[in-house]
Amino acid sequence: MKFSKETKEQFIECAKSKGIYLEGNILKMIDSSDDGEFDKYIKSAIEKDTETRKKRLEMTKQVQEQNLELTKWKNENEKINEELKVALETTEKAKEVALNDLDLLQKKTQYQLIESIVKVSLWIVSGVGIVTTLMFALTLIIGVDNKIIESAWSNMFGILLTNSFSIIGTIMGVKYASENKDRKHKKKKECSCECHDE
């Protein structure tokens, strides 16, 4: 491929004034053997084109390396996010188990306390009833005036009976309140789970 003298001069002038050279495979097809100045231009253009290609290749490699690193970071982030999700789920399960254990422990302690109160109350009621009955029986056997003892015995059994019902009522109330609280807590949990699923 050959150019006219004017075209060659335009190429050379463009290179000198603006620093713009021909690029690409077209440089291999140009015949510049008959013009020394244009031959220098073509050689310079080939050198600049080679440098430009090297720079582009380096940039492409850098971009590819950065893309590989970004892909690697993305995979690692996804892996870390997955691990965090699993850890969070495990923590939630552990929290649930701990709360259930605490609830069971509180119930057990509460029932043990109620059991102790009932036992002590029964011993007191039984003890007072037995002592009062023995005193009344003793007055009957001895033949002493037992109007006061009889009245005390009758009143004592009335008070003991009333207190027994009061204790039983209190225990049943505490039991009902704790069961009601559990039901409300379970309903609230179910509701929050359903809302969460929606």
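The values are calculated or read from the model by the stated rules, or taken from the named source; none is laboratory data. Please read these numbers as outputs of a predicted model, since none were measured by experiment. Cβ: placed from backbone, ideal geometry, glycine included. Neighbour counts: every protein chain shown.
Of the residues in the range 23-42, at least one is of a type in the set (Asp, Glu), touching an Asp or Glu at 6+ places or on another chain (Cβ under 9 Å) and not in a helix (DSSP H, G or I).
Only residues that are surrounded by 12 or more Cβ atoms within 10 Å (Cβ to Cβ), more than 20 Å from Thr133 (Cα to Cα) and either at pLDDT 70 or above or of a type in the set (A, V, I, L, M, F, W, C) (or both) were counted across the range 157-187, and they come to 5. Is it the case, given these coordinates, that Lys40 is within 46 Å of the chain's Cα centre (by Cα) and of a type in the set (Lys, Arg)? When the stated conditions are applied, Lys40 does not pass them. From the residues in the range 136-156 that are among the aliphatic types (A, V, I, L, M) and at pLDDT 75 or above, which one is farthest from Val125 (Cα to Cα)? Among residues in the range 136-156 that are among the aliphatic types (A, V, I, L, M) and at pLDDT 75 or above, the one farthest from Val125 (Cα to Cα) is Ile142. A single member of Glu89, Glu83, Glu47 is closer than 25 Å to Lys2 by Cα and either part of a helix (DSSP H, G or I) or under 59 Å from the mean Cα position of the chain (by Cα) (or both), and it is Glu47.
Suppose we filter the range 136-156 for residues that are assigned to a helix (DSSP H, G or I), exposed (fewer than 15 other Cβ atoms within 10 Å of the Cβ) and not basic (Lys, Arg); how many remain?
Here is the first cut: in the range 136-156, the ones assigned to a helix (DSSP H, G or I) are 136-142, 147-156.
From what is left, the residues that are exposed (fewer than 15 other Cβ atoms within 10 Å of the Cβ) are 137-138, 140-142, 147-148, 150-152, 154-155.
Subset that is not basic (Lys, Arg): 137-138, 140-142, 148, 150-152, 154-155.
The qualifying residues number 11.
Output the residue which, of all residues in the range 97-136 that are of a type in the set (Val, Ile, Thr) and under 13 Å from Ser164 (Cα atoms), is nearest to the chain's Cα centre (by Cα). I'd like the intermediate steps shown before the answer.
To start, the set of residues in the range 97-136 that are of a type in the set (Val, Ile, Thr) comprises 97, 109, 114, 117-118, 120, 124-125, 128, 130-133.
With under 13 Å from Ser164 (Cα atoms) added as a condition, the list becomes 117-118, 120, 124-125, 128.
Numbers: Ile117: 43, Val118: 44, Val120: 47, Ile124: 53, Val125: 54, Val128: 59 Å.
Going through the qualifying residues, I end up with Ile117.
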